[in-house]
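Below: one structure, written as structure tokens.
The values are calculated or read from the model by the stated rules, or taken from the named source; none is laboratory data. Bear in mind the structure is a predicted one, so any value in this text is a computation, not a measurement. Backbone-built Cβ (ideal geometry, glycine too); neighbour counts: all protein chains shown. For accessibility, only protein heavy atoms count, side chains too; no ligands or nucleic acids. Shrake-Rupley method; radii C 1.70, N 1.55, O 1.52, S 1.80 Å.
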Amino acid sequence: MAQILAPSMQWQMRMPKYSNIASPMTTKMWSSLLMKQNKKGTNRSSAKFRVLALKSEDSTVNRLEDLLNLDITPYTDKIIAEYIWIGGTGIDMRSKSKTISKPVEHPSELPKWNYDGSSTGQAPGEDSEVILYPQAIFKDPFRGGNNILVICDTYTPAGEPIPTNKRHRAAEIFSNSKVSAEVPWFGIEQEYTLLQQNVKWPLGWPVGAYPGPQGPYYCGAGADKSFGRDIADAHYKACLYAGINISGTNGEVMPGQWEYQVGPSVGIDAGDHIWCSRYLLERITEQAGVVLSLDPKPIEGDWNGAGCHTNYSTKSMREEGGYETIKKAILNLSLRHKEHISAYGEGNERRLTGKHETASIDSFSWGVANRGCSIRVGRETEKQGKGYLEDRRPASNMDPYVVTSLLAETTILWEPTLEAEALAAQKLALNV
């Protein structure tokens, strides 16, 4: 991200008032994604939703579309809440739907729910019940109306967070008075790769072969340079509709790879917004018949990997003289490099090689405007003497709850010994 601006009021974890003007992302909005002509060979797709287009007559498809797009608001106060949680791999997303008696504005108004944890790799079969605690709500761009998406975390029936529940620990760190006083801001750059469904090869690439070398694809336009723009744009609008604090999107260096930015978000909201944005992206690629990959190095060789660069600042960093606080934070981060790397995503060693705009996974470095460092500081931050830093180490499949809370813990709560601090400052040429 080029800069971190003031965060929106969405971080207060409240739903905006519902408006009759707002409309769902109807099936017509997805039509350009489906790339499927009907059997008559015209430009009109036989169905806007791919799942409905399988050997169905137009009249049947149209009736199903009408039901999918049906606005139930005039007929009932009830709404549909899609409960969303993170599965057993720590990166897969699961969800199921629940009828709620009336519209809600805050997660505290929603009931807890449960699911079969033995089917998600999160509980044994003989004691399989896992409890969902609603934590954040967003408007549902698929169903529209007053319907909502609910980000949940997961607990045992006794109320203990299960091992894959990383939100619980993050919430503890962000609720620490010392951390909350610093009002930590995060701007997260989520990179992802779109794959062809049946061959698991990047979108736009010839099957079993390679496109031309990197260079023309980054922020490029044209049928030979940009692959998946409709998906990226549909996701952008869905995020805005949902209330996710998305701030931009662009095509990436490797063809078939994209990035979007979320933030600035305050504290725990950064994780909630990234996870909800990932869920939306999974749903949109599902409808488009394209596979979403968050692998940090989806294609080996001379191709860029996929990261999740995390821009970070505290109140002290943003105020006059904040550059000294930034340098102190960099020093702390250098001393806990191994701890951060171990928490920054699976398979990251394939990406952090010192090539393709990355630093080596084995060493810590920092620099001004240097995208080959572990930590980058912007020119404007150096010039103004205040601002933010960018941690370029997190992989695209990182858990944002883990990364954001670890940054806050290391830079605000953790204190190194004076001897370690002095040695690190000398090594990194930091005058702290």
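Of note:
- With the helix formula -39500 (n - 2.57) applied to DSSP H stretches of n ≥ 4, the chain reaches a computed 222 nm mean residue ellipticity of -7500 deg cm²/dmol.
- Modelled spin labels at residue 369 and residue 324, positioned 7 Å past Cα toward Cβ, are 2.6 nm from each other.
- Distance between the 7 Å Cα→Cβ label points at residue 224 and residue 181: 6.1 nm.
- Relative counts (whole %) of C-alpha pair distances in the range 291-382, using bins that are 10 Å wide: 15, 44, 29, 10, 1
- Checking the Cα-Cα distances for 98/237; 78/237; 178/355 against a 29 Å cut-off, the pairs over it are 178/355.
- Placed amide H near residue 256: partners under 5 Å, 5+ positions off or other chain: 227
- A Cα-only calculation for the range 235-357 places Rg and Dmax at 16.7, 51 Å.
- Whole-angstrom gap from the range 287-355 to the range 240-274, using each part's C-alpha centre: 15
- The range 176-303 - Rg (one decimal) and Dmax (whole number), Cα, Å: 16.1, 54
- As an equivalent ellipsoid, the range 108-252 spans semi-axes of 36, 22, 17 angstrom, where each value is the square root of five times an eigenvalue of the C-alpha gyration tensor, largest first.
- Hydrophobic long helices, here whole DSSP H runs in the chain with Kyte-Doolittle means of at least -0.5 and Cα atoms spread over 27 Å or more along the helix axis, are not found.
- Within the accessible area of the chain (1.4 Å probe), percent carbon and sulfur: 51
- Residue among 394, 206, 184 with the largest mean-square fluctuation in a Gaussian network model of the chain, springs linking Cα atoms under 10 Å: 206
- Take each peptide in 405-412, 263-270, 215-222, count the other Cβ atoms within 10 Å of every residue, and average; sorted highest first, the result is 263-270, 405-412, 215-222.
- Principal axis dimensions, largest first and in whole angstrom, of the range 173-426 by Cα: 56, 37, 32
- Compactness of the range 63-163 - radius of gyration and Dmax, Cα, Å: 15.0, 46
- Within the chain, the ratio Rg/Rh, alpha carbon atoms throughout and Rh by Kirkwood, equals 0.98.
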